[in-house]
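S.K.: Quick one: the structure is below, questions incoming.
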Amino acid sequence: MKKYILDFNNGMTEEIEVVDLDAAKEAAESAMAYTQESVYIKDPAGGVLLVSRWNGVQADVMDDVLFEFGSGGFYSTWENPYD
């Protein structure tokens with residue numbers, strides 16, 4: 001089991017212990033809401049491993065969409081924060 005921190009960038013963080021990073025992504029996705037803030041998955045020391053960026057516009061066919069909130073915006077698919 002590995003420890004991760006889910007940071008919803010709205011004052012809410014959650015420490016979880018799961019099998020792998022894919023399970024951490026699933027946990028974060030199940031808790032995502034319309035916060036208009038990007039979501040981070042971090043290691044126990046606080047280093048950012050993955051980010052799902054908030055985009056405050058309606059998604060286009062060329063966008064990599066994880067979750068869409070109609071014309072209000074969308075979360076992008078998970079990516080390395082340093083790319």
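Quick note: the coordinates plus some simple rules give every number you see, no bench work behind them. Keep in mind the model is a prediction, meaning the values are calculated, not measured.
S.K.: Going by alpha carbons, how many degrees (0 to 90, nearest 10) lie between the helix axis of 21-31 and the longest principal axis of the chain?
M.R.: Compared with the principal axis, the helix lies near 60 degrees.
S.K.: Would you grab the residues whose amide H sits under 5 Å from the one on T77? Only those 5+ places off in sequence or on another chain, please, with H modelled 1.01 Å from N.
M.R.: Long-range HN contacts for T77: D64, V65, L66.
S.K.: How compact is the chain by the rule of thumb for globular proteins, expressed as Cα Rg over 2.2 N^0.38 Å?
M.R.: Working it through for the chain, the quotient is 1.07.
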